[in-house]
Amino acid sequence: MLNRGGAGRLGSALLLLALAALCYLPALSAEFIWDDDDYLLANKNLRVADGLARIWLEPRTSPQYYPLVHTAFWVERRLWGFNPRGYHAVNILLHAADALVLWSVLRLLAVPGAWLAAAIFCVHPVHVESVAWVAERKNVLSGLLYLASLRVYLGGAPGGVFAGPAAAGGRLRWTAAYALFVLALLAKTVAASLPVAILLALWWKRGRLTRADVVPLLPFFAAGAALGLTTAWLEKTHVGARGETWDLEPAERLLIAGRALWFYLGKLAWPHPLSFNYPRWAVDPAAWWQWLFPAGCAAAAAALWAARGRIGRGPLTAILFFAAALFPALGFVDVYPFLFSWVADHFQYLASIGPIALAASGVALLGRRLPRGGGAALGVAVVAVFGALTYARAGVFRDRESLWEDTVRKNPASWLAHNNLSMLAEDRGDFAAAERHARQAAALNPGNAMFVNNIGTALMQQGRLDEALEQFARALALDPRHAAAESNRAEVFYRQGRFEEALAHFEAAVRLDPAMPAAHNNLATVLAEAGRGEEAVRHYAEAVRLNPDYALAHYNLGVTLFALGRPGEALEQYTLALSSEARWARPGGKLRVPSAEEARRWRLGTFVFGGEGWGIDFASVHNNIGNTLLALGRNAEAADHLAEAISLRPGFAEAHYNLGIALAGTGRLAEAADSYRRAIALSPRQPDAWNNLGVVLDDLGRADEAVLAWREALRLQPTHAAARANLGAALPGREHGRR
């Protein structure tokens, strides 16, 4: 079907690259989605000086111990920061490379329709989840190394039949293949199926296996087992795959595996609908019909074994490879995503190669019986249909909201999707929608205290405080150690003016979870407003110790230190707030949109409650830095920050006022007068601004205007001592003594 010459192969390779680029074009403009924050934005290893060493030597400092993936992210972080486009482009290139190496492997094994199989793998919509989701770099990177190792190992003899390390060049080839295999495991341990794939390929070609085939693969099995067990252990102890969900009997695991195999085959044959989160079916060994799934798997394998003499060993090899590559995701090993569903599209990234190669072989063989060009037309039609579906599916991954709305449409019972939609609605200030989705999540998963807490949070933001208290009480009844619910309940008491109760419950939240930075921030906020500044400083300091990137706590600590007369330390905290928040503000890292109430409280000298992921108002930070620099006598620097605050929020009256002070302090009197006038235009009832405007105007020789300004200051505040003194000094017969 394709030219076998060098030019023809080059053209075919370029066509695979073009297919990947075209089908995944929507992913290039996509944002980060679920889990990407943990892998990138919140991954401290990508930012700290010793991050690369920690990636390799401290497994618990990363979301999962796949050090090669996090090393790639560490490098990319230095190339393009947190711009999603770069990460998506790398994923697409890796997927295209996977297709190219797969084509090479299938050609080596003389599989009919090898290029068609690689093309279908490249454009099959079931793989969108692995390619358009940055966190699934694990799949595309480990897949490339897996296939490269397979290609190197089998490439020692004609027909892809490995001659063994004893053959000429065999030891070097074995070493290279082994190194690639270990790297594949360090990207994702699902690659542990490689030695099984090699044995299947050898059996397919020879019809038998010998000791010489198995012995060279023993180190492969050992490495796969060691790293696979490590991943399984971390999945339980670090990721959290333990509890009732994973307490399954052997019969239940067998039922999950049998049904999952048919599910994945079905999605390969008919990829509609595809969903980020599929319904999690009930597993019941007492239901006889559920045993039809594993029984069907056994019957299919037996039938293919019996028919191998007539149809060859290829079909059985393809299906056995499919099952072996899927084994870690079939329920025999506990993985965290089972909390949401027993199946996920990205689980079958490598496994899909078997059925796809089998189907492509069938198309190629059928094409030989069709009229000239019929086989090629059939192949083109398959690739075109799958490519169009992939293009459409990739568009769903453009942002979080699009992904979760698509999930809810296809799986209305997804409490995961409703919960995430609730949080997204809260982030944009749509608290009614946040409440609606939180209630749906709680109805679908009624024993989950987090969802009930989220209902309470949405009610609190709508000002329905008594209803919110009821929800927080419900959440604590479900989970008495739910520190976030305790902290939220305390905030309700604070808003109701019940300060003693608020303080008591914030202290209770800290006791429930001493490692919760937000609880320390919230407790410190109440302590600071109660005049217990030193205690507040200790809790803010603990919040930023627990999370050095907690911008909100740095900001609040700066406010407290300034109020305590420690401007130098306050300046350091404001600067840290700005730098840590800037990390989240890079392209793709969206800040939390504050509610109107939160925005109101984000003025100078005001503290803010909130969790670690909450954004801060850059304008307020720059204004506070400017105000602190004024206190330190650094007027020129203060002017720069205050100008930045105004550029971010042109209607920021206080920043205009402070800029007037800074400009006057540097002798830029006309500009200072303009700043005071802007501050007054935005907020006319400012006696200090009128007084300062008068001082500047007087220095500019505009005494009559100065007198009018001081009189306005006294009209607004008759007891304003500075304005009275300045006016008295300016009027005839009075002693000069302007202030």
Of the residues that sit in region 332-355 and are part of a helix (DSSP H, G or I) and hydrophobic (A, V, I, L, M, F, W, C), which one is farthest from the chain's Cα centre (by Cα)? Ile353
Please indicate, with yes or no, whether at least one residue in region 269-288 is of a type in the set (A, V, I, L, M), in contact with a helix residue (DSSP H, G or I) (Cβ under 8 Å, 6 or more places away or on another chain) and not in a helix (DSSP H, G or I). yes
Restricting region 23-43 to residues that are part of a loop (DSSP other than H, G, I, E, B) and among the hydrophobic types (A, V, I, L, M, F, W, C), which is farthest from the chain's Cα centre (by Cα)? Ala30
What are the residue pairs meeting all of these: first residue in region 251-265, first residue under 13 Å from Ala295 (Cα atoms), second residue surrounded by 22 or more Cβ atoms within 10 Å (Cβ to Cβ) and among the small types (Gly, Ala, Ser), Cβ atoms under 6 Å, and 6 or more apart or on different chains? Ile256/Gly331; Ala257/Gly331
Mind listing whichever residues of region 366-386 are hydrophobic (A, V, I, L, M, F, W, C) and out of contact with any Gly (no Cβ under 8 Å at 6 or more places or on another chain)? Leu370, Ala377, Val380, Ala381, Val382, Val383, Ala384, Val385, Phe386
Of the conditions (1) within 20 Å of Glu235 (Cα to Cα); (2) among the charged types (D, E, K, R); (3) at pLDDT below 95, Asp345 fails just one. Which one is it? (3)
Six or more apart or on different chains, Cβ under 7 Å: which pairs go from a residue in region 549-561 that's crowded, with 24+ Cβ neighbours inside 10 Å and assigned to a helix (DSSP H, G or I) to one that's at pLDDT below 90 and among the acidic types (Asp, Glu)? Could you list them? Ala551/Glu581
Which is in contact with a helix residue (DSSP H, G or I) (Cβ under 8 Å, 6 or more places away or on another chain) and either at positive phi or modelled with pLDDT under 95 (or both), of Gly667, Gly615, Gly565? Gly615
For Asp427, indicate whether it is buried (at least 17 other Cβ atoms within 10 Å of the Cβ) and under 23 Å from Asp345 (Cα atoms). no
Scan region 431-479 for residues that are more than 17 Å from Ala417 (Cα to Cα) and acidic (Asp, Glu) and jot them down. Asp466, Glu467, Glu470, Asp479
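Yes/no matrix, rows are residues, columns are (1) of a type in the set (A, V, I, L, M); (2) crowded, with 18+ Cβ neighbours inside 10 Å; (3) over 12 Å from Ala257 (Cβ atoms):
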site: Tyr278; (1), (2), (3): no, yes, yes
site: Ala282; (1), (2), (3): yes, no, yes
site: Ala286; (1), (2), (3): yes, no, yes
site: Leu292; (1), (2), (3): yes, no, yes
site: Gly309; (1), (2), (3): no, no, yes
site: Leu316; (1), (2), (3): yes, yes, yes
site: Ile319; (1), (2), (3): yes, yes, yes
site: Pro328; (1), (2), (3): no, yes, no
Being crowded, with 23+ Cβ neighbours inside 10 Å and of a type outside the set (A, V, I, L, M) is the filter here; which residues of region 436-459 pass it? His437, Phe451, Asn453, Asn454, Gly456, Thr457
Counted residues, region 82-106 - those being under 15 Å from Phe32 (Cα atoms) and not β-branched (Val, Ile, Thr): 9
Would you be able to tell me the number of residues in region 203-247 that are out of contact with any Leu (no Cβ under 9 Å at 6 or more places or on another chain), among the hydrophobic types (A, V, I, L, M, F, W, C) and closer than 30 Å to Asn448 by Cβ? 4
Could we say that Leu358 is part of a loop (DSSP other than H, G, I, E, B) and at pLDDT 95 or above here? no
Test of understanding: among Pro371, Pro315, which residue is of a type outside the set (Gly, Ala, Ser) and at pLDDT 95 or above? Pro315
Positions within region 266-281 being more than 29 Å from the chain's Cα centre (by Cα) and aliphatic (A, V, I, L, M), in sequence order: Ala269
Quick check: anything in region 466-484 assigned to a helix (DSSP H, G or I), at pLDDT below 95, at negative phi and of a type in the set (Lys, Arg)? no
Yes/no for Glu507 being assigned to a helix (DSSP H, G or I) and either out of contact with any helix residue (DSSP H, G or I) (no Cβ under 8 Å at 6 or more places or on another chain) or buried (at least 23 other Cβ atoms within 10 Å of the Cβ) (or both): no
Any hit, region 20-30, residues being within 30 Å of Arg368 (Cα to Cα), touching a helix residue (DSSP H, G or I) at 6+ places or on another chain (Cβ under 7 Å) and surrounded by 15 or more Cβ atoms within 10 Å (Cβ to Cβ): yes
Which of the following residues is loosely packed, with under 12 Cβ neighbours inside 10 Å and closer than 27 Å to Phe397 by Cα: Ala298, Ala269? Ala269
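Specify which of the listed residues (Lys236, Lys267) is at pLDDT 95 or above and closer than 26 Å to Leu194 by Cα.
Numbers: Lys236 fails: at pLDDT 95 or above.
The conditions single out Lys267.
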Go through (1) at pLDDT 95 or above; (2) part of a helix (DSSP H, G or I) and name the single condition Gly309 misses. (1)
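Go over the candidates Ala679, Ala638 one by one and state the one that is of a type outside the set (Val, Ile, Thr) and in contact with an Asp or Glu (Cβ under 9 Å, 6 or more places away or on another chain).
Result of the check over Ala679, Ala638: Ala679.
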When region 52-100 is examined, which residues are found to be over 17 Å from the mean Cα position of the chain (by Cα), closer than 20 Å to Thr237 by Cβ, without any contact (Cβ under 8 Å) to a residue 40 or more places away in the chain and surrounded by fewer than 22 Cβ atoms within 10 Å (Cβ to Cβ)? Arg54, Trp56, Leu57, Glu58
Please indicate, with yes or no, whether at least one residue in region 35-50 is out of contact with any strand residue (DSSP E or B) (no Cβ under 7 Å at 6 or more places or on another chain), modelled with pLDDT of 95 or more and not hydroxyl-bearing (Ser, Thr, Tyr). no
So which of Ala434, Ala515, Ala502 ends up being farther than 22 Å from Ala530 by Cα, among the small types (Gly, Ala, Ser) and assigned to a helix (DSSP H, G or I)? Ala434
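The values are calculated or read from the model by the stated rules, or taken from the named source; none is laboratory data. Just so it is clear, the model here is predicted, and its values are computed rather than measured. Cβ coordinates were reconstructed from backbone atoms using ideal geometry, including for glycine residues, and neighbour counts include every protein chain displayed.
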